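To keep things clear, I will list the structure first and then write my remarks on it.
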C-alpha cells in the first residue's frame, strides 16, 4: 500500500494523480480501516487533493456553519424575548407605581425569564409599591 501511495505521489499530472488517489482510496477502503488509509496516504498532499475528502470537508464546514447559525439565531431569539419582557415589565411597573429606584431596576434586570413571567402574573394583584418591593425581595435571590 505504501508503494502505491509513493507511486501516485510521483505522478506529475495533477488530474491523473487525483484519479489514482480516488481509485486507491476506494480499493483500500475495501480492505483497510480509514485510520490506516489516512496514515499511509497522508504523505504529501494526496488526501488534500482527493475530491472525496474535499467534499467531506466542505459538507462538514457547511453543516457546522448551518448548525452554528441555527444555534445563534435561537439564542438571539431567547435573549430578545427576555429583554423585551423585562423592558415591558419595567414600563408597566413604572407606569403603575412611578419612577423606580436603581435598586428596583437592578432587581428587575437580574430576574430570569421565568420569574419575569411570574411577576407579570402577580403585578395586577399588587395594591401598592410596597407589595411589589416585597415580591422582588422574595424572588430576586
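The values are calculated or read from the model by the stated rules, or taken from the named source; none is laboratory data. Note that this is a predicted model, so its numbers are computed, not measured. In this analysis, Cβ positions are derived from the backbone assuming ideal geometry, glycine residues included, and neighbour counts consider all displayed protein chains.
Is it true that residue 4 is surrounded by 12 or more Cβ atoms within 10 Å (Cβ to Cβ), in a helix (DSSP H, G or I), under 19 Å from the mean Cα position of the chain (by Cα) and modelled with pLDDT under 80?
Criteria not met by residue 4.
So is residue 81 part of a helix (DSSP H, G or I), loosely packed, with under 14 Cβ neighbours inside 10 Å and in contact with a helix residue (DSSP H, G or I) (Cβ under 8 Å, 6 or more places away or on another chain) or not?
So residue 81 fits the description; yes.
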From 12, 35, residue being at pLDDT 65 or above, surrounded by fewer than 10 Cβ atoms within 10 Å (Cβ to Cβ) and not in a helix (DSSP H, G or I): 12
So, in region 40-60, how many residues would count as being part of a helix (DSSP H, G or I), farther than 18 Å from residue 16 by Cβ and at pLDDT below 70? 3
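Considering each of 75, 87, 63, 115 in turn, give the residue that is part of a helix (DSSP H, G or I), in contact with a helix residue (DSSP H, G or I) (Cβ under 7 Å, 6 or more places away or on another chain) and either modelled with pLDDT of 70 or more or farther than 24 Å from residue 15 by Cα (or both).
Step by step, each of 75, 87, 63, 115 is checked, and only 115 is part of a helix (DSSP H, G or I), in contact with a helix residue (DSSP H, G or I) (Cβ under 7 Å, 6 or more places away or on another chain) and either modelled with pLDDT of 70 or more or farther than 24 Å from residue 15 by Cα (or both).
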Tell me which residues, restricted to region 116-132, are more than 28 Å from residue 80 (Cβ to Cβ) and either touching a residue at least 24 places away in the same chain (Cβ under 8 Å) or crowded, with 16+ Cβ neighbours inside 10 Å (or both). 128, 129
